[in-house]
Amino acid sequence: MMENLEQARKGYDAVLRSLSWDGDDLLVGNVCIGTGVGDYRHYCERPVSVNDLHGVGAFLLMCAEAQKALGV
């Protein structure tokens, strides 16, 4: 279990390092605007945006789970 928490912390820290600020606005960048059916290349070539709700929602869920599990 502790090994899983360490991996979760590494993932959490990596996401936090990827964030940026525009004044007081937190920017969750490089969020795929949605996925369709396709192969890996199709997925990797999908357009990305900043603060797309797919990524912002996942970010908020990640923060809530990190707070519970990691005490951050």
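The values are calculated or read from the model by the stated rules, or taken from the named source; none is laboratory data. Remember, predicted model here, so these are calculated numbers, not experimental data. Glycine gets a Cβ as well: all are built from the backbone with ideal geometry, and neighbour counts include every protein chain shown.
I need the full set of residues from segment 19-35 which are modelled with pLDDT of 95 or more and outside any strand (DSSP E or B), in order please. Selection gives 19, 23, 24, 28. Could you pull out the residue among 15, 50, 28 that is at negative phi, touching a strand residue (DSSP E or B) at 6+ places or on another chain (Cβ under 8 Å) and surrounded by 12 or more Cβ atoms within 10 Å (Cβ to Cβ)? Just a single option satisfies the conditions, and that option is 50. Would you call residue 23 at positive phi and touching a helix residue (DSSP H, G or I) at 6+ places or on another chain (Cβ under 7 Å)? So residue 23 fails the test.
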